[in-house]
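First up is the structure itself, then whatever we jot down about it.
The values are calculated or read from the model by the stated rules, or taken from the named source; none is laboratory data. Everything quoted here is computed from the prediction, not taken from an experiment. Quick reminder, even Gly has a Cβ in these numbers, built from the backbone with ideal geometry, and neighbours come from all protein chains shown. Each accessible area value is taken on the protein alone, full model and side chains, heavy atoms only, with ligands, DNA and RNA left out. Shrake-Rupley method; radii C 1.70, N 1.55, O 1.52, S 1.80 Å.
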Amino acid sequence: MDYNQFFSSELTQLRDEGNYRVFAELERRAGAFPRAIRHYDGGTGEVTVWCSNDYLGMGQHPAVTGAMHEAIDRCGAGAGGTRNISGTTHQHVMLEDELADLHGKEAALLFTSGYISNWAALGTLAARLHGCVVLSDAGNHASMIEGIRHSRAERQIFAHNDWRDLDRRLAALDPARPKLVAFESIYSMDGDIAPIEEIIEVCEAHGALSYIDEVHAVGLYGERGGGIAEQRGLMDRIDVIEGTLGKAFGVMGGYIAASHALCDFVRSFSSGFIFTTALPPALAAGACASVRHLKQSSAEREAQRDRVAKVRARLKAVGIPMLENPSHIIPVMVCDPHHTKKISDWLLEEHAIYVQPINYPTVPRGTERLRITPSPVHSDSDIDRLVDALSELWSRCALNRIAIAA
């Protein structure tokens with residue numbers, strides 16, 4: 001077999017479909033974000049980033065960068081091992097304590113990313129709860145899907161955000177059988193929010209373990225940044241809360257918060273936790289500083305809400321189609337992979353605005369989009385430039401009527 005020929009053929013098909021991913025090479029500018037330096041073809045240029053998951057700009061907050069500088073000066077670069085063998089540092093323990101407190105739980109367990117925390121926790125729980133059946137929302141993230149698949153437990157998919165379908169499915173199962181319900185609070189591509197209270201009530205009625213992914217909500221919602229569950233006063237009724245440190249907290253890492261017994265169970269049995277090198281202490285220190293700051297400060301959240309509202313209003317005024325949702329995520333719907341890529345390219349090349357195209361398989365075919373994430377560090381003039389550029393390009397494209405040359 002000509003392996004390279006096979007690889008090249010598959011990549012060509014991706015390009016023909018308009019789904020081949022091209023990464024912008026960026027150099028974020030501390031203190032100046034959302035500005036970044038773009039490197040391309042031997043040249044450089046400044047761009048404004050409109051698609052970052054650093055939702056609050058905490059990646060450049062002096063409390064965060066200061067904590068990281070101090071930790072690396074004191075502790076060095078790496079953790080020196082897995083958490084099991086020499087890699088559990090004081091910074092890791094302090095961060096886990098802060099995260100448990102954030103969610104009102106007995107304990108928290110730190111992972112190297114949000115993807116890994118979902119994969120490892122769901123995979124371990126579902127595999128080792130003998131006879132467990134997992135009920136997974138149809139819109140769940142790939143990390144949750146892969147963790148459940150890895151467990152080899154029986155899986156049922158309930159209709160997206162449909163607690164009645166979940167109720168029917170749970171009612172049909174043996175009441176004595178272990179059951180795990182996995183869902184998200186905010187779904188990252190559509191920006192919709194789950195009916196959390198109704199789902200929890202169904203879980204409680206059928207004796208199911210509840211597992212919520214709050215990665216796009218922690219830091220952003222709730223009085224102390226505990227997420228949608230905190231905002232709605234529901235954290236104490238959820239068994240496992242999973243979150244990330246790489247989005248609103250601006251650093252890196254993932255975690256679960258739950259009872260002492262559950263966290264210790266995952267710690268003791270999860271290969272994804274046991275056999276991987278621990279996060280560097282400086283990252284843990286920076287994340288800890290970010291969590292602490294956002295527990296006390298609502299200024300960043302309030303500023304972000306203002307920016308989101310302004311961008312929505314301005315886009316609506318010029319007729320740019322968006323998915324309506326109650327969250328901070330603004331999906332601008334293009335609904336064609338080639339068009340989406342072309343608009344993204346034009347924004348970058350002609351207006352120095354970077355918004356990555358979102359195509360299949362991240363979203364279903366025919367729902368391709370630009371996913372815009374306003375932050376407190378976007379100015380009024382940034383918003384004006386974005387809206388004016390999109391309006392111009394939308395008119396140029398005459399979308400859904402004139403095909404754009406690939």
Cut-off 17 Å (backbone N to label point 7 Å along Cα→Cβ of GLN156), residues of the stretch 197-226: 199-211
Charge dipole (debye, nearest 20) of the chain; +1 at Cβ of Lys and Arg, -1 at Cβ of Asp and Glu: 220
Separation in nanometres of the label points that stand 7 Å from Cα toward Cβ, at SER381 and ASP174: 6.8
Accessible heavy-atom area order of THR244, THR12, highest first, probe of 1.4 Å: THR12, THR244
Amide H contacts under 5 Å for LEU323, placed H, 5+ residues apart: MET333
Rounded to 5, the percent of DSSP beta bridges in the chain classed as antiparallel: 60
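Working from the alpha-carbon coordinates of the stretch 103-158, get Rg over Rh, Rh being the Kirkwood radius.
Rg/Rh: 0.99.
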Most positive-pole-ward Cα, PRO357, ALA229, SER8, against dipole of the chain from beta carbon charges: SER8
For the stretch 1-118, the fraction of alpha-carbon pairs in successive 10 Å shells from zero, as %: 10, 22, 29, 23, 15, 1
Label point at ALA30 placed 7 Å out along Cα→Cβ; residues across the stretch 44-78 whose backbone nitrogen lies under 13 Å: 59-73
Over the stretch 48-191, volume per residue of the alpha carbon convex hull, in Å³: 161
Values of log10 I(q)/I(0), in the order q = 0.11, 0.18 Å⁻¹, for the stretch 108-231 under a Debye, Cα-only, solvent-free model: -0.34, -0.95
Net length gained if the chain between LEU14 and ARG74 were fully extended (0.36 nm per residue, minus Cα distance): 16.9 nm
Per-selection Kirkwood Rh - the chain (Cα, Å, 1 d.p.): 22.4
Contour excess over end-to-end distance, with Cα ends at VAL22 and SER271 and 0.36 nm allotted per residue: 86.4 nm
Assigned charges on the beta-carbon of Lys, Arg, Asp, Glu; the stretch 264-406 dipole about Cα centre (debye): 340
Difference of contour (0.36 nm per residue) and Cα-Cα distance, THR44 to ASN4: 11.2 nm
Nearest-10 value in Å² for the accessible area of THR277, using the 1.4 Å probe: 80
With at most 16 other Cβ atoms within 10 Å, longest stretch of the chain clear of loop chymotrypsin sites (Phe, Trp or Tyr not before Pro) (DSSP): 24-274
